[in-house]
Amino acid sequence: SQLVLQAFKHSSKQVKVSVELMEDSSVDMASFLGQALGTRLARITNNHFTVGTGSSQPKGIVTAATDSGVDTDSATAVTRAKLVDAMMSVDPAYRANGKWMFSDTILQYVLKVTDSTNQPLWLPGNDGPIGDTILGKPYVINQDMADTTGTKAILFGDLSKYIVREVTDLQFLQLNERYADYHQVGFLAFLRADGDLLDAGTNPVKYAELA
């Protein structure tokens, strides 16, 4: 089979700035707006790479992930047993390079989990490359992950199997003439990108739902 990655266009939408502000400000407005519009594009593409439908936008990793069959015991808490079940549902070949992904709210739940000796499930990392871990596996915080009842709130698997295609670098436009009659300058940024999970039927990434 094939995984076809297209090139959906993402726009930052226009921001118009008066020439007076650009002349009087001590801030390099073009540079400042370039960073701000880049951040705006990063937010929308991250949302699409996370929960995108795959129709007229990238297919998000949550959308493409496979059901682990695990539901948490509570809508506001997780247990060690459920996290173990979610992790072990992933093929060992992908578990070796596995990572967790969830929102900051879910991390708050995980930080409260302890084992039978009252030791926390979460372990702080040292100065090595792995960092903090949960059940020995690193995690990624993604605020576009859902954290409400009945949602796909926890991912585990080889996240590197999610492929992102960026056709070009971010394109930043400064429209000097278009709004000249208003004595304004327009700024606009575009990014063409797509993403999808590379899954040959072995399900490298699985999700668990909040009860």
Express the relative contact order of the chain as a whole percentage, based on alpha carbon pairs under 8 Å and six or more residues apart in sequence.
-> 34
Provide the per residue accessible area, probe 1.4 Å, for the chain, rounded to a whole number of square angstrom.
-> 55
Correct choice for Rg/Rh (Cα atoms, Kirkwood Rh) that was computed from the model, options [x] 0.99; [y] 1.01; [z] 1.10 = [z]
Sorted on mean Cβ neighbours within 10 Å (highest first), peptides 3-10, 59-66, 117-124 come out as 59-66, 3-10, 117-124
Using the structure shown, select from 59/137; 112/161; 137/161; 112/137; 112/152; 13/137 the pairs with a Cα to Cα distance greater than 27 angstrom.
-> 112/161; 13/137
Share (percent) of C-alpha pair distances in segment 76-130 greater than 17 Å works out to 48
Tell me, what is a quarter of the convex hull surface for the C-alpha atoms of segment 118-211, in nm² with one decimal?
-> 12.1
From largest to smallest, what semi-axes in whole angstrom does segment 1-79 give when each is the square root of 5 times an eigenvalue of its alpha carbon gyration tensor?
-> 39, 20, 8
Once every DSSP H run of n ≥ 4 in the chain is given -39500 (n - 2.57) and the sum is divided by its residues, what mean residue ellipticity at 222 nm do you get, rounded to the nearest 500 deg cm²/dmol?
-> -7000 deg cm²/dmol
Between segment 74-97 and segment 141-164, what is the C-alpha centre distance in whole Å?
-> 13
Under 12 Å, Cβ to Cβ, from residue 103 - net charge with Lys/Arg +1 and Asp/Glu -1 = -2
Carbon-plus-sulfur fraction of the accessible area of the chain, 1.4 Å probe, in percent?
-> 48
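The values are calculated or read from the model by the stated rules, or taken from the named source; none is laboratory data. Just so it is clear, the model here is predicted, and its values are computed rather than measured. Glycine also receives a Cβ, built like all others from the backbone with ideal geometry; neighbour counts cover every protein chain displayed. SASA here: full protein model, heavy atoms, side chains in, ligands and nucleic acids out. Shrake-Rupley method; radii C 1.70, N 1.55, O 1.52, S 1.80 Å.
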